[in-house]
Structure formats: structure tokens, C-alpha cells
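Structure first, then comments.
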Amino acid sequence: MEKIKKGDIVARKSYNKDILFNVKRIYKVNNEKMAILTGITKRVEADSKIEDLEIIEKEILNKRLSKIQDKIDTKINETVNKYKNKKIKVRDYANIKEEIITGKILHLDGDKKYSQKAYLQYKKMGLKAIVKNIPEYKQPALVYKLLKIYNPDILVITGHDGIIKKAKDYNNIYNYRNSRYFIETVKEARRYDEANGNKLVIFAGACQSYYEALILAGANFASSPARILIDFIDPIIVAEKVAYTERYKYITIEDIESELRDGRKGIDGIGANGKMYIKKEM
């Protein structure tokens, strides 16, 4: 068997190689080699015995990634076409200029590659987004400062997450890999927001995240009510919907669920007002 090392792209044989993972770290437990894995196309973190892993050949990897990217591009194109008349533009009539302003997004992501992908997707959608690659455990300490610097309308808090293998109690925060960091980040964001007008719309979570605790902490939308894996693009879809909806309109999950791969099983929430408005100048 080919020796598996940090950075390899692998799949788990016992799960029929259903998800592609990057090997984040290798460690030993009772002299048995284990690996911490992060999803390539899913926002999930897991562990596995080294012997259960198989390195994915480059040709197979490229084929699977190309197929997934095609699906993402289709979704992005649908969004771009839907909102092509709402992109930031200036209309000039009767000496009055109108500029359509969409909500500004601050996106914190624990995964470097996902951060880069997210930035490109926001750009394709014509949205104003600042994307920061920050490990999940560092997000609570940095979010307040970043909110002060960028003053966004929408905050996305995401990365990798997952339920610890064999965990039964979904109400125990220690049965989740990174949910506690997302929860603390939401709380810090709300602490900032309370002092600055209570206008921030927050999405928080990743695959299998502790949905109920994220909502209680102050998120408007969160994952994952059914503790399932969510698509990479799901948080972006939520942010896009809020950014492109007029301020006077209240958005509920019913307005978004048809655009999400698994609807309300993957993401739910209490809703929020949109963040788009028209700026007029004489």
C-alpha cells in the first residue's frame, strides 16, 4: 500500500470512497496510525484509520472535481442571470442619479482552498465580499476586530465541522469538531452588533454543525438541522440572497430552500431583512 502522508487526497474504503478528503494531520493512538481529514467538496472534518484510506489517482480526482465544478458553475450562472438587472449600476434621469447598492459580505472560512473558491463565486455574482481564511479555532478571537475594520452587512462564519464518530448525544457540544468555535464567533459578532445598531445578518456553520446552539447564539441562518453534509456553495447562496434582497423585505428560509441542495435539512433559520438599497444623488 502506498504510504499516506499529509496533503494527500484520499477516500475511505469503508464508505465506498463517497467523499474526497485532504489529509490534514497524521497521528497515533495506541500505536495505530490515524488521520484527520477535511473534505475537498464537502465542509466536513473526520478521522480515519490509515489502513482504511486510499489515495485517489490524479485522473479520477480531476474528473470528479470537474463534474462538481460544472454543477457549481450552473448554479452561479442561474444566480447571475436572475440578478443581472440588479447588479450595481447607475441610472441618471432628471438630474437624479440612482445607484443600486447590495449588502457587503464578510466571509470567514477555516479552509484556504474554500476561501479562494468563495471569493471567486462572490465575484462572479457581482457581490462586494471580503473573504478571510482563518482557522476555526481562531475565528472567535478575530471576528470583533474584523467587523470593526470592514463594517459588513452580512457575516458568514464557516469552515469544516462534523460529529465525532459514534457520538449519540447531539446536544453535547464536545461531540462536534468545530461547532463550539462557530458558536463563540457568533456570540462575539453579536457583542459587536449590539454596540453598532443591531443590523448584522449572520450565517454560521458547516457540515453536521450544532444548528440549535448556533441559532441560540444569535445566527439568523445556520447548519445543519438534520446533521447532514452541506454543499460548499450553500453558505454563499444564503449570503447572496440577503445581499440582493431589498431592505424592506424580510427573507425566510422558505425563500431560499429551493436553491439549497438539501433544503431545510441542511440549513434553516429565523430569517432576516435584506440589505439592498437604492442610493440617490442630485
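The values are calculated or read from the model by the stated rules, or taken from the named source; none is laboratory data. Quantities reported herein were computed from a predicted structural model and do not represent experimental measurements. Note that each Cβ is placed from the backbone with ideal geometry, even for glycine, and that neighbours are counted across all protein chains shown.
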**OP:** Output the residue which, of all residues in the range 207-230 that are touching a strand residue (DSSP E or B) at 6+ places or on another chain (Cβ under 6 Å) and among the aliphatic types (A, V, I, L, M), is surrounded by the most Cβ atoms within 10 Å (Cβ to Cβ).
**Re:** Ala222
Original post:
Any idea which of Tyr176, Tyr114, Tyr144, Tyr137 is buried (at least 23 other Cβ atoms within 10 Å of the Cβ) and over 12 Å from the mean Cα position of the chain (by Cα)?
Top reply: Tyr176
Original post:
What are the pairs, 6+ residues apart or on separate chains, where a residue within the range 263-282 that is among the polar types (S, T, N, Q) has its Cβ under 6 Å from a residue that is not in a loop (DSSP other than H, G, I, E, B)?
Top reply: Asn273/Tyr250
Original post:
within 16 Å of the chain's Cα centre (by Cα), in the same structural domain as Leu146 (by TED's automatic domain parsing), at pLDDT 95 or above and in a loop (DSSP other than H, G, I, E, B) - does that describe any residue in the range 239-252?
Top reply: no
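Looking at the range 147-162, which of its residues are among the aliphatic types (A, V, I, L, M), under 22 Å from Lys113 (Cα atoms) and over 12 Å from the mean Cα position of the chain (by Cα)? Explain how you work it out, then say what you get.
Taking the range 147-162 and keeping what is among the aliphatic types (A, V, I, L, M), we get 147, 149, 154-157.
Next, from what is left, pick out any that are under 22 Å from Lys113 (Cα atoms): 154-157.
Result: Ile154, single match.
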Original post:
Among Leu120, Leu106, which is out of contact with any Gly (no Cβ under 9 Å at 6 or more places or on another chain), within 25 Å of Ile256 (Cβ to Cβ) and modelled with pLDDT of 95 or more?
Top reply: Leu106
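For the structure I just gave you, tell me whether Asp169 is crowded, with 22+ Cβ neighbours inside 10 Å, touching a helix residue (DSSP H, G or I) at 6+ places or on another chain (Cβ under 7 Å) and either acidic (Asp, Glu) or free of Cβ contacts under 8 Å to residues at least 24 places away in the same chain (or both). Step through it out loud before you land on a result.
Numbers: crowded, with 22+ Cβ neighbours inside 10 Å: no; touching a helix residue (DSSP H, G or I) at 6+ places or on another chain (Cβ under 7 Å): yes; either acidic (Asp, Glu) or free of Cβ contacts under 8 Å to residues at least 24 places away in the same chain (or both): yes.
So Asp169 fails the test.
Looking at the range 132-175 only, could you name the residues that are in a loop (DSSP other than H, G, I, E, B) and acidic (Asp, Glu)?
Within the range 132-175, the first condition is being in a loop (DSSP other than H, G, I, E, B), and the residues that meet it are 134-135, 151-153, 159-160, 162, 164-172.
Residues satisfying the conditions are Asp153, Asp169.
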Original post:
If we keep just the residues of the range 1-21 that are in contact (Cβ under 8 Å) with a residue 24 or more places away in the chain, within 22 Å of Ile230 (Cβ to Cβ) and not hydrophobic (A, V, I, L, M, F, W, C), which is surrounded by the fewest Cβ atoms within 10 Å (Cβ to Cβ)?
Top reply: Lys17
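Please go through the range 22-58 and give me each residue that is aliphatic (A, V, I, L, M), in a strand (DSSP E or B) and under 21 Å from Leu229 (Cα atoms), ordered by number. Outline the logic, then answer.
Step one: list which residues in the range 22-58 are aliphatic (A, V, I, L, M), which gives 23, 26, 29, 34-37, 40, 44, 46, 50, 53, 55-56.
Now drop any that are not in a strand (DSSP E or B), which leaves 23, 26, 29, 34-37, 44, 46, 53, 55.
Answer for the range 22-58, where residues must be aliphatic (A, V, I, L, M), in a strand (DSSP E or B) and under 21 Å from Leu229 (Cα atoms): Val23, Ala35, Ile36, Leu37, Val44, Ala46, Leu53.
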**OP:** Please find, within the range 199-216, the residue that is farthest from Tyr174 (Cα to Cα) out of those that are β-branched (Val, Ile, Thr) and assigned to a strand (DSSP E or B).
**Re:** Val201
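Could you please let me know if Glu259 is at pLDDT 95 or above, of a type outside the set (Phe, Trp, Tyr) and either surrounded by fewer than 20 Cβ atoms within 10 Å (Cβ to Cβ) or over 17 Å from Lys104 (Cβ atoms) (or both)?
Numbers: at pLDDT 95 or above: no; of a type outside the set (Phe, Trp, Tyr): yes; either surrounded by fewer than 20 Cβ atoms within 10 Å (Cβ to Cβ) or over 17 Å from Lys104 (Cβ atoms) (or both): yes.
Taking the combined requirement at face value, the residue does not satisfy it.
Has the range 265-272 got at least one residue that is at pLDDT below 95, over 23 Å from Arg191 (Cβ atoms) and not in a loop (DSSP other than H, G, I, E, B)? Let's see the steps before the verdict.
Residues of the range 265-272 that are at pLDDT below 95, as a first pass: none.
Among the residues of the range 265-272, not one is at pLDDT below 95, over 23 Å from Arg191 (Cβ atoms) and not in a loop (DSSP other than H, G, I, E, B), which makes the answer no.
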Original post:
Which residues, taken from the range 22-39, are under 16 Å from Gln208 (Cα atoms) and either touching a residue at least 60 places away in the same chain (Cβ under 8 Å) or exposed (fewer than 13 other Cβ atoms within 10 Å of the Cβ) (or both)?
Top reply: Thr38, Gly39
